[in-house]
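Before any comments, here is the structure.
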Amino acid sequence: IENLFKTGSYTKTNGRKKMNNTIDIEKIISMMPHRYPFLLIDRLIDIKNDEYAVGLKNVTINEPFFLGHFPSKKVMPGVLIVESMAQTSGALVVSSFGKEAIGKLVYFMSIDKARFRQLVIPGDQLLIEVRKKQARKLVWKFDCLAKVENKIVAEATITAMIADSNE
């Protein structure tokens, strides 16, 4: 999966990454039904509709799950890393559909080949890279990677479906 994400879509400028095609938190909130404490992406730092997206999650000590999940060794639950992958994938679907996505939701259908390789702890910046593997009408499949400091912490293949919000 790792080779799928060498897009070269961001470049360094004055020590900071120059972002192309970003989507901020306000736009994400307008695209998705998730809200605190379950909105697990803060920004899309790169997106190419119908192909790939790179989401960003700033992991802070203030996350509510740190109170009960390994309280003596703060660790982000793997299932929430997977959820951040699903949310980044869903944002890519909504962005790709554009105005046609109004009144629709993206539902998480399945996860395959999930692997967790490293702990995610407070202070980490989680980059979630998703690439469309296939799309058949309203069902999309994604290869996903989560990285901290350019090291893979998790990977999975996710399937999602877009449907009317009243279904």
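Throughout, read-outs are computed from the coordinates displayed, never taken from laboratory work. Keep in mind that this is a model prediction, so the values were computed, not measured. All Cβ positions, glycine included, derive from the backbone under ideal geometry; neighbour counts span all protein chains shown.
Please work out which option in [x] 1, 8, 18, 22, 22, 18, 8, 2, 0, 0; [y] 1, 7, 14, 18, 18, 16, 12, 8, 4, 2, 1, 0; [z] 2, 9, 19, 22, 21, 15, 8, 4, 1, 0 gives P(r) over Cα pairs in 5 Å bins from 0, in percent calculated from these coordinates, and answer with its label.
Of the labelled values, this structure produces [z].
Between ASN58 and LEU119, what is the spin-label point distance in nm, taking each point 7 Å from the Cα along the Cα→C-beta axis?
2.3
What value, in deg cm²/dmol to 500, does the helix sum -39500 (n - 2.57) over DSSP H runs of n ≥ 4 give at 222 nm once divided by the residues of the chain?
-5000 deg cm²/dmol
Between ASN150 and LEU138, what is 0.36 nm times their sequence separation minus the Cα-Cα distance? Round to one decimal in nm.
Going from the current span to full extension adds 1.1 nm.
Report the trypsin sites (Lys or Arg not before Pro) located in segment 119-167 that are in a DSSP loop and have at most 10 other Cβ atoms inside 10 Å of their Cβ, or state none. Can you show the working numbers first?
Values: sites: ARG131, LYS132, LYS133, ARG136, LYS137, LYS141, LYS147, LYS151; in loops: LYS137.
For trypsin sites (Lys or Arg not before Pro) across segment 119-167 that sit outside H, G, I, E and B with at most 10 neighbouring Cβ atoms in 10 Å, the list reads LYS137.
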